[in-house]
2 protein chains.
Amino acid sequence: MEIEKILKKENIKKQLKISGWIRFNRSSKEIVFIDLYDGSNLNGIQIICKKKLLSSKDFEILYKAPLYSSFTIIGKLNLNIKNKNYEFIVSKIESYNLADSEIPLGKKEHTLEFLRIQAHLRIRTKLFQSIMRIRSYCSQLIHFYFMKEEFYYIHTPIITKNDAEGAGEIFFVNIKKNNHSFFNGQGTLTVSGQLQEESYTQSLKKTYTFGPTFRAENSNTSRHANEFWMIEPEIAFADYFELMNLGENILKFVAKNILEKYEEELIFLGNFFKLDLIKNLENLINMKIKKITYKNALKILNEAKDKNNLFKDDKFIFGNELSTEHEKYLAEKYANGPIYVYDYPAKNSSFYMYRNNDNETARGFDLLVPRIGELIGGSQREDNYQRLIKIINEKKLELKELTWYLDLRKYGYAKSSGFGIGFERLIMFITGVENIRDVLPFPRTPGKLEF
Amino acid sequence: MEIEKILKKENIKKQLKISGWIRFNRSSKEIVFIDLYDGSNLNGIQIICKKKLLSSKDFEILYKAPLYSSFTIIGKLNLNIKNKNYEFIVSKIESYNLADSEIPLGKKEHTLEFLRIQAHLRIRTKLFQSIMRIRSYCSQLIHFYFMKEEFYYIHTPIITKNDAEGAGEIFFVNIKKNNHSFFNGQGTLTVSGQLQEESYTQSLKKTYTFGPTFRAENSNTSRHANEFWMIEPEIAFADYFELMNLGENILKFVAKNILEKYEEELIFLGNFFKLDLIKNLENLINMKIKKITYKNALKILNEAKDKNNLFKDDKFIFGNELSTEHEKYLAEKYANGPIYVYDYPAKNSSFYMYRNNDNETARGFDLLVPRIGELIGGSQREDNYQRLIKIINEKKLELKELTWYLDLRKYGYAKSSGFGIGFERLIMFITGVENIRDVLPFPRTPGKLEF
């Protein structure tokens, strides 16, 4: 049985069996204290090994066991009245496997940089257990939300032939190092499932993807990885405002449930990263997320610049892209929480975005959040066949490769909108983690492929 | 509101708005009948367009609308007393987008081969809507099962450097067609998340992956694709029998819930593929899945050979691999449903499988199911550091690349077992689909990359 499930009043004095690994130990002649964990909770359980209650062989083993040794033991649950904690009085070892005492993880705290080198072992720390357990639950909550709301999960292909953004570096897939014949040398790793997904949305109405996506950019920042996970809902017969509301609902649903199940871990992580993560989520849950136009965002940034002497070298004129600094200002200072910005300049917008009648903006939107910047990016899609061809030609994309995508507009296209949530950024927002390398189990960044 | 949600007694006579696409229409001078679908149910809803209830412009549009045109319409729900079906009496068109009448999908039934060429449009058919809606729900159910049972979902990397099976063709990932520098030319697409996952299992105890996996095999069979999805649970402190039971529980959970929600679709698919899919799932739910050893399987096959004159050219001696024909015999004729075979010959087993004391078998197991053959493949893992090194050397695998994996055995490895479910095969088992190309949204097989 898992440790978390054992820690109940009704189990006190019962003979039980538990399994786990040693995180911490402290020995004296007559007694050994061990922190045993099995991943089911933050702190595991304290094991009390009393010499007088154990065979001398078993006591010897527990006395000498190095950190991270694994044990299955039999004993009884006890409520320690002094410190009000449960503890486990062991009477017998059922099985065990001792760790080599030279393990690179010790009792002291290690730096995040050091732990990245030990990517196969770092999940043994309380820190990474907290992050990765929240990551797991967050994924499951997202699937659960969409199941509840009757969205269809579409497994869009990973090996593709096109680059939905029409920009950015992409990875090529070959069968052999120097042989490109398998997919005629055209296989690339997907940058987004959106285009293929739209074909399904135009029949099933409410769809989403949740899978790995790739960018071959040779950049080393704390917010970029070459392989990351993205959630992409798409709804037919829906405009972009409806999708902004969906994004808000998803985030609130996730926040509420994470808060309920992982409060202890959020406090622990908050202490580590010097943030009030509980307040951060409560703030999200209780606020109504504002939606402002890009033009309004410029106005706000210009006012901040004049008034507070911020962003010294920048000019905010129509057409400028917002930098991470500006995005953070809007979320952290102006909105004091997440905020939507919409109707971006058309000329910087992806080919598939719906152009507004003003001839200068497109129906794109971003959700900006404190600490992270852009968490969600989405749009209403261009629904007119002729207009879409025009934009594809203007952007000099290969029309031939997009014939099937254009077909969707030809054959009864319903207005459609969708967005992508950068899953790692969501986990960073929730857990306070500052570097994307620490929310991915085995991060892929340029040259990093040891595991 | 979705069509499925509208079809309720309490909505009769209420003014409602619905959106969807035309699947079928039949027109006369005074009235048009339209089957409108929105993906929320199998049959959509019948729309009644009466000339006298509509503006002449609206009637004209509905009268002439080609198949697959999209509509948002206003009207009232009615219960047709004669045929006991709900129908929708339309009074106004809110918006619409007419399909080009040259759409390759018509009213008549198309072959599966033809529909594969129209992979971006085939989801508009009842057949593919049924398959893909079941696929989606099945994915969600699997995540829900693991959430309920408190397993941790681990996103193991897609770009890797190793081939967990130590065999099979793999895809290489490059940044440019002729430049292998990004990951030092060593990036490959994962064939299984198991090895990386084990590092997490050795800390969190109950884990799973559910993601895309790849094989670069240049084979064209009805059961193989180059890109497919796999579910891989792994439990520490568990032997292989425990995992076989987990597999049984997952399949029964999925079967029960699919049966409950998609009975109508299963009947429809059963008619199409000439199978009793309801009985197939009920059989799984009600049976206790047998577990037989590989040696016993050989005995059963030999007896069948002698008695019924089957498998003419085969000799069943220890060490032979079971072919799909044999696997199907065991499931279809011997067990009359799914059956586990375990303790396969060690010499054919992957390097990470636990070797039994008999020196000839390893703790691998397969679940064989009717029509498909192998649906699940798994094993207990070798837990001894020295023995694992010995096998890696015997199999001439690169020890250096597996150092981190060996570390897991060095530092307090707990007995561990896991398996992989071929997700597409599961969908084929449930829906009766015979070709893997018809359960994947955009299948990737040699040379196929149009979408």
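The values are calculated or read from the model by the stated rules, or taken from the named source; none is laboratory data. Worth saying up front: this structure is predicted, and the values here are computed from it rather than measured. Cβ placement follows ideal geometry from the backbone for every residue including glycine, while neighbour counts extend to all protein chains displayed.
In region A:47-77, which residues are within 14 Å of chain B (Cβ to nearest Cβ), of a type outside the set (A, V, I, L, M, F, W, C) and surrounded by fewer than 22 Cβ atoms within 10 Å (Cβ to Cβ)?
Within region A:47-77, the subset within 14 Å of chain B (Cβ to nearest Cβ) is A:61-62, A:64-74.
Applying the additional criterion that residues be of a type outside the set (A, V, I, L, M, F, W, C) yields A:64, A:66, A:68-70, A:72.
Matches in region A:47-77: A:K64, A:P66, A:T72.
List the strands (runs of 3 or more DSSP E) inside region B:1-81, counting only whole elements, that have at least 1 residues being touching a residue at least 40 places away in the same chain (Cβ under 8 Å) and among the aromatic types (F, W, Y). Give the steps one after another, and end with the answer.
Working: elements: B:15-27, B:31-37, B:45-50, B:70-80.
Output list reads B:15-27, B:31-37, B:70-80.
Is it true that B:H143 is modelled with pLDDT of 95 or more, within 29 Å of B:P443 (Cα to Cα), assigned to a loop (DSSP other than H, G, I, E, B) and facing chain A (nearest Cβ under 9 Å)?
For B:H143, the condition - modelled with pLDDT of 95 or more, within 29 Å of B:P443 (Cα to Cα), assigned to a loop (DSSP other than H, G, I, E, B) and facing chain A (nearest Cβ under 9 Å) - is not met.
Answer yes or no: is there a residue in region B:341-350 that is of a type in the set (S, T, Y), in contact with a Pro (Cβ under 9 Å, 6 or more places away or on another chain) and not in a loop (DSSP other than H, G, I, E, B). I'd like the intermediate steps shown before the answer.
Step one: filter region B:341-350 for residues of a type in the set (S, T, Y), giving B:342, B:344, B:349-350.
Those still in the list that are in contact with a Pro (Cβ under 9 Å, 6 or more places away or on another chain) too: none.
Checking region B:341-350: not a single residue is of a type in the set (S, T, Y), in contact with a Pro (Cβ under 9 Å, 6 or more places away or on another chain) and not in a loop (DSSP other than H, G, I, E, B).
Considering only region A:107-126, state which residues are within 12 Å of chain B (Cβ to nearest Cβ) and among the hydrophobic types (A, V, I, L, M, F, W, C).
Looking only at region A:107-126, we keep the residues that are within 12 Å of chain B (Cβ to nearest Cβ), and these are A:117-126.
Listed by number, the residues that qualify are A:I117, A:A119, A:L121, A:I123.
If you go through region A:24-41, how many residues are within 14 Å of chain B (Cβ to nearest Cβ) and crowded, with 20+ Cβ neighbours inside 10 Å?
Of the residues in region A:24-41, the ones within 14 Å of chain B (Cβ to nearest Cβ) are A:24-25, A:34-41.
In the following step, the residues that additionally are crowded, with 20+ Cβ neighbours inside 10 Å were identified as A:25, A:34, A:36-40.
Residues that pass the stated criteria total 7.
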* Asked: Which of the following residues is away from every other protein chain (no Cβ under 14 Å) and free of Cβ contacts under 8 Å to residues at least 60 places away in the same chain: A:N384, A:N435, A:N356?
  -> A:N356
* Just name the residue that is farthest from A:I391 (Cα to Cα) out of those in region A:315-353 that are over 23 Å from the mean Cα position of the chain (by Cα) and exposed (fewer than 15 other Cβ atoms within 10 Å of the Cβ). => A:K333
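With respect to A:K396, is the statement that it is surrounded by fewer than 17 Cβ atoms within 10 Å (Cβ to Cβ), more than 9 Å from chain B (Cβ to nearest Cβ), out of contact with any helix residue (DSSP H, G or I) (no Cβ under 9 Å at 6 or more places or on another chain) and not in a loop (DSSP other than H, G, I, E, B) true? Walk me through how you get there before you give the answer.
Numbers: surrounded by fewer than 17 Cβ atoms within 10 Å (Cβ to Cβ): yes; more than 9 Å from chain B (Cβ to nearest Cβ): yes; out of contact with any helix residue (DSSP H, G or I) (no Cβ under 9 Å at 6 or more places or on another chain): yes; not in a loop (DSSP other than H, G, I, E, B): no.
When the stated conditions are applied, A:K396 does not pass them.
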* Looking at (1) within 14 Å of chain B (Cβ to nearest Cβ); (2) in a helix (DSSP H, G or I); (3) modelled with pLDDT of 95 or more; (4) touching a Lys or Arg at 6+ places or on another chain (Cβ under 8 Å), which is the one condition that is false for A:S417? -> (2)
* Looking only at region B:192-210, decide whether some residue is among the basic types (K, R), modelled with pLDDT of 95 or more and farther than 18 Å from A:E227 by Cα. => yes
* Looking only at region B:429-444, decide whether some residue is within 28 Å of B:F241 (Cα to Cα) and not hydroxyl-bearing (S, T, Y). => yes
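Quick one: count up the residues across region B:211-228 that are aromatic (F, W, Y) and surrounded by 23 or more Cβ atoms within 10 Å (Cβ to Cβ). Working first, answer last.
In the first step, residues of region B:211-228 are kept if they are aromatic (F, W, Y); the result is B:214, B:228.
Those left that are additionally surrounded by 23 or more Cβ atoms within 10 Å (Cβ to Cβ): B:214.
Number satisfying all stated conditions: 1.
Yes or no: A:I103 surrounded by fewer than 15 Cβ atoms within 10 Å (Cβ to Cβ) and at pLDDT below 95?
Details: surrounded by fewer than 15 Cβ atoms within 10 Å (Cβ to Cβ): no; at pLDDT below 95: yes.
Judged against the criteria, A:I103 is not a match.
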